[in-house]
Amino acid sequence: MNISQDKAEINKYLTQYRWDKMFTQETADSIQLCRYEAGEYIFRGGERRKWFFLYVEGRSKVYRVMENGEIMLVRFYRPFQLLGDLELFLESHNISSVKAISKVCCLRLPVELVKEEMKHNIPLLNHLARGLAEKLASFNTTAAVNQHYTMDIRLAAYLSMIYLEGDEYKESREEMETENLSEMADFLGCSYRHLTRTLESFKKDGLIEKKGRKIRILDPAALKKRSRDILLYED
């Protein structure tokens, strides 16, 4: 992780996401710019929360380690997100872990300063409440998708989301490392066997090529069509 207080870069992101007038000067002066490489943790579940984050660039995955030691993939994040909003209200340790899967940039502020702002800053409270409501709506939508859409549609949506960069498909074919398949199956609400059968079906249909731990997307347009545009696994 690289940390800086480059005011020009910080102000650029605050203005871009309309947070430039959200904080008092004291709080704004405490903002740090943090850059993460793929594979680095933004924070880990169970740790004491010290920072509140504005997630402004890159892609990451959110997961929880359950009491039995199993890992449950919860979500994928792209900008713009608030990280630590739930813990602000619950005053708890980090509930989930957030790990970068591309280069990621966040602005972070000390939690204690944000808590002080919440006592008198109504616009901030409104933004926090809206963010929590949007996350709840997103989780409800994902639950409905897992219950009512067939596995091939859900998997196509998942792979399309992984393949996307910005809002357009890359022109070149994309090769990606597969996630832990058990983790992926849990996220998609299916059995491990059902997932592997569906991947084989996609391979036979010419949508993907799978060699060992690598998946190559051969026909992103057809994959997107198969997904029926339900790209709902990402906030």
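The values are calculated or read from the model by the stated rules, or taken from the named source; none is laboratory data. Owing to the predicted nature of the structure, the values given are computational and were not obtained by experimental measurement. As a convention, Cβ positions derive from the backbone with ideal geometry for all residues, glycine included, and neighbour counts pool all protein chains shown.
Test Phe80 against the criterion of being within 24 Å of Thr24 (Cβ to Cβ), of a type in the set (Phe, Trp, Tyr) and either touching a Leu at 6+ places or on another chain (Cβ under 7 Å) or in contact (Cβ under 8 Å) with a residue 60 or more places away in the chain (or both), and give yes or no. Against the criterion (within 24 Å of Thr24 (Cβ to Cβ), of a type in the set (Phe, Trp, Tyr) and either touching a Leu at 6+ places or on another chain (Cβ under 7 Å) or in contact (Cβ under 8 Å) with a residue 60 or more places away in the chain (or both)), Phe80 qualifies. Picking from residues in region 140-164 that are without any contact (Cβ under 8 Å) to a residue 12 or more places away in the chain and not polar (S, T, N, Q), the one that is nearest to Arg59 (Cα to Cα) is Ala143. Can you spot a residue in region 29-38 that is part of a loop (DSSP other than H, G, I, E, B) and within 21 Å of Leu86 (Cβ to Cβ)? Yes - at least one qualifying residue is present in region 29-38.
Do we have Asp205 as surrounded by fewer than 15 Cβ atoms within 10 Å (Cβ to Cβ), modelled with pLDDT of 85 or more, farther than 21 Å from Ile101 by Cβ and among the acidic types (Asp, Glu) here? So Asp205 passes the test. For region 117-170, filtered to residues that are modelled with pLDDT of 75 or more and among the aromatic types (Phe, Trp, Tyr), the residue that is surrounded by the fewest Cβ atoms within 10 Å (Cβ to Cβ) is Phe139. In region 171-181 there is at least one residue that is closer than 18 Å to Ser201 by Cα, assigned to a helix (DSSP H, G or I), at pLDDT 70 or above and not assigned by TED's automatic domain parsing to the domain that holds Ala100.
Taking the criterion of being in contact with a strand residue (DSSP E or B) (Cβ under 7 Å, 6 or more places away or on another chain), assigned to a loop (DSSP other than H, G, I, E, B), touching a residue at least 40 places away in the same chain (Cβ under 8 Å) and aliphatic (A, V, I, L, M), would at least one residue in region 107-127 satisfy it? First the steps, then the outcome.
Filtering region 107-127 down to residues in contact with a strand residue (DSSP E or B) (Cβ under 7 Å, 6 or more places away or on another chain) leaves 107-111, 114.
If we keep only those that are assigned to a loop (DSSP other than H, G, I, E, B) as well, we get none.
The answer is no; no qualifying residue exists.
Consider region 30-52 and keep the residues that are touching a helix residue (DSSP H, G or I) at 6+ places or on another chain (Cβ under 9 Å) and of a type in the set (D, E, K, R). The one that is surrounded by the fewest Cβ atoms within 10 Å (Cβ to Cβ) is Lys50.
It is to be established whether one or more residues within region 3-20 are of a type in the set (Ser, Thr, Tyr), under 30 Å from Gly189 (Cβ atoms) and under 18 Å from the mean Cα position of the chain (by Cα).
At the first step, the residues of region 3-20 found to be of a type in the set (Ser, Thr, Tyr) are 4, 13, 15, 17.
Imposing the further condition that a residue be under 30 Å from Gly189 (Cβ atoms) reduces the set to none.
There is no residue in region 3-20 that is of a type in the set (Ser, Thr, Tyr), under 30 Å from Gly189 (Cβ atoms) and under 18 Å from the mean Cα position of the chain (by Cα).
Which one is surrounded by the most Cβ atoms within 10 Å (Cβ to Cβ) among residues in region 53-86 that are more than 16 Å from the chain's Cα centre (by Cα) and of a type in the set (D, E, K, R)? Selected residue: Glu70.
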